[in-house]
Structure formats: structure tokens, C-alpha cells
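A short worksheet on the structure shown next.
Every number here is computed from the coordinates shown, using simple stated rules; none is lab data. Since the structure is predicted, the reported quantities are computational estimates derived from the model, not experimental observations. All Cβ positions, even for glycine, are placed from backbone atoms using ideal geometry, and neighbour counts span all protein chains on display.
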Amino acid sequence: MSQVYFEDVDLGYELAPLIKEPTREQLDAFTKVWDTSTGRFISDEAARAEGFTGVILPGNMSMAFLAQLLTEWAGPSGKLRRLEVNFRRWVQPGDRLACMGLVTDTDTNDGENKVMLDVHIENQNGERALQGTAIVVLPGKR
Amino acid sequence: MLEADPTDAIDFDRSVIGVSYDVGTHEVTEQQVAEFARAIGETNPLYLSTEAAKNGPHGVLIAPPTYYTSIRLQAGPDPKIVFGTMGFNASQHCEFYEPMCVGDTIRAKEQISRVFAKTGRTGTLVFAVRQTTYVNQHGRIVMMVESSNVRRDMGQ
């Protein structure tokens, strides 16, 4: 795994997008490990009764994709410190999701190399499913 | 003139606000970490390979940051909001202090920090903000989550 350093990033730095295409099998695995009985995540029929075209992903599952984008970027010596997301639109199995991050600020005030980011997930139609902010702590070169 | 706060008109149990409840403990297992990681399409060897984890920064398998979403806790405080026909997760705010490691025993505490109503063009929304704190067997807070749920009336 490669390591990004604090000195490598600046305002406007864009993370390479992480593309996720969650499958029905992954959704079923997620709801099984979570052990949920919420109909709209496990049954097409229940989801349709609530006005969706079929099962939708729990927001928490999409949020995990943003965490993955950030931890992969932060590398083995970087740390995800904060993740704050708003759920704006539902996601369904088969959607093609682009998980994106943009550096909005950097800060070394309290002795840590903090990188502030705007993050979001966009679906295949250009709609934002999740939007939020994050803080990642990166190692310095010295 | 002060506008009326729409929250005043909402029927809910105000006695639970700000009261912290123990909502149980969770054993972080290799199996659950692996199942969670696979479900979200994670391939990071720090979550999945004992060998790689041993040589990694933590020396043991760790869980992905949002692993907490797979933890089944006891039912926390319920503000019993009498409003709306449907509930959604509106937002999550996570502060991560250290990773949960396989073998950890995590204790969770939960409180409802706020219930409030907002009235906009699409009608009234009622939000419940729940704060969960996760503490490991060493007594250290590993993470904190503030999760906001919204209830609305789909018939509006």
C-alpha cells in the first residue's frame, strides 16, 4: 500500500474516486450481519409498499463506502478521524456509485496534520446520494 | 414577535432527553469483522488477513471504521415520538479515536440528546438526535456517533 503525506496535499486536491457497485448479495450480507428486520432493506415487496421500486440500501452501508474511500486514501499510517454524512437519496443494488473527496482545508494547529474534506457519493444519474465532510490525519514527511 | 416552536406541538417522552443508558456490550470477532468487510466490498488486509494485521500498525485484526453499524445493541432510550408514518436515517456524525480490534469487548452507552421539529415547504419533520459512545475493555472511548433520525408523514 502506498502512503500519502501531509505535504502532498493542498486545498483543491481531489481524491481518486472510488467506484462501488453494490450487489443484492452484498446488501443481503450487510442486513444479515446487522441482523435487521426493516422491510425496505430486505424485501422488494416491503420496499414497494413504501413507494420504492425495490429494496434499498441502508444509509449505513453507503456511508461505509465513503469510509473506505478515505481509509484507502489515508493509507496505513493515516487515520480517519471524523466522518459526517447526510443521507439525501436512496441507493439500490445495481447503482453505480462514485465516491469522491475534495480537500477543503489543512491544519496543523494542535500538533496533528489534519486534512479537511468534502465528501459525497454520486449515482449513475449524477444525483447525490450522500454528502458530508471528513477529517483525515496524515503522516508528515519529516 | 416570537414564532411558536413547532416542537412544542409534538407529543414525545421528554423525560428521556439527556439521560444516558447502558445499551450492552459487544465482542468484536474475526467472523463478524470479515462478514461486515465482505458485505461492503472491503479488501483491506488489515481487516481480513491475520498475517497482514500482525505486521500492521495495530498488531491484530481491526474492524473497518463504520463496523459499529453492524453491532446489535439493546434497545436504547425511546423518545416515543407520536408523529409521522415513516422514519429515516437523516445523518450520522462519527468521531473515531481508535480502531475497534478483534478480541475487544465494546461497551456502549446511548442518550437522546435532542428532539426537534422543523416545518418547511414539504411539511413538518421531526428529528431525534441519538448519541452513542463506544468504550473498549481498557476504558478508552474508541468512537462516538451522533445519529439523526427523521420522522415524516408520507401522506402529506
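Some notes on this structure:
- Between helix B:30-39 and chain B: long-axis angle, C-alpha atoms, 0 to 90°, nearest 10: 60
- Amide H partners (placed H, <5 Å) of A:Ala129, local residues excluded: A:Ile121, A:Glu122, A:Asn123
- Dipole size of chain B about its Cα centre, with +1 on Lys/Arg Cβ and -1 on Asp/Glu Cβ: approximately 180 debye, rounded to the nearest 20.
- The shape of segment A:1-132 comes out prolate: with a ≥ b ≥ c from the C-alpha gyration tensor, a/c is at least 1.5 and a/b beats b/c.
- Under 12 Å from the Cα of A:Lys32 - aspartates and glutamates, other chains or at least 8 residues apart: B:Glu35
- Per residue, the average separation of C-alpha pairs within less than 8 Å and at least 6 apart gives chain A a relative contact order of 31 percent.
- Using alpha-carbon coordinates, inclination of helix A:24-34 to the longest axis of chain A, degrees: 80
- Applying both filters, DSSP loop and at most 15 other Cβ atoms within 10 Å, to the trypsin sites (Lys or Arg not before Pro) of segment B:118-156 gives B:Arg121, B:Arg140.
- Under 5 Å between amide hydrogens, built in the peptide plane, is the criterion, and for A:Gln92 it picks out A:Leu57 among residues at least 5 positions away or on other chains.
- Using a cutoff of 8 angstrom between alpha carbon atoms and counting only pairs six or more residues apart, the relative contact order for segment A:1-82 works out to 33 percent.
- Annotation note: GluC sites (Glu not before Pro) in segment A:89-142 located in DSSP loop regions with a Cβ neighbour count of at most 13 within 10 Å are A:Glu127.
- Computed from phi, the 3J(HN,Hα) profile of segment B:66-72 under the Karplus parametrisation 6.51, -1.76, 1.60 (θ = phi - 60°) reads 9, 3, 4, 5, 9, 7, 7 Hz, with x in place of Gly and Pro.
- With θ taken as phi - 60° and the Karplus curve 6.51 cos²θ - 1.76 cosθ + 1.60 applied, the whole-hertz 3J(HN,Hα) list for segment B:87-95 is x, 10, 7, 8, 7, 9, 10, 10, 10 Hz, x standing for glycine and proline.
- Rg/Rh, computed from the Cα trace of segment A:74-142 with Rh as the Kirkwood radius, has the value 1.08.
- Put the Cα centre of segment A:1-52 next to the Cα centre of segment B:91-112 and the gap is 19 Å.
- The antiparallel fraction among DSSP beta bridges confined to segment B:1-117 stands at about 90%.
- Computed FRET value (nearest 0.05) for B:Ala9 with A:Ala49, which takes r as the C-beta separation and R₀ as 25 Å: 0.30
- Once divided by 2.2 N^0.38 Å, the Cα radius of gyration of the protein assembly as shown becomes 1.03.
- Global geometry of segment B:50-156, whether rounded, prolate or oblate, following the gyration tensor of its Cα atoms and the 1.5 cut on a/c: prolate
- Selection of trypsin sites (Lys or Arg not before Pro), segment B:32-111, meeting DSSP coil and at most 15 other Cβ within 10 Å: B:Arg72, B:Lys80
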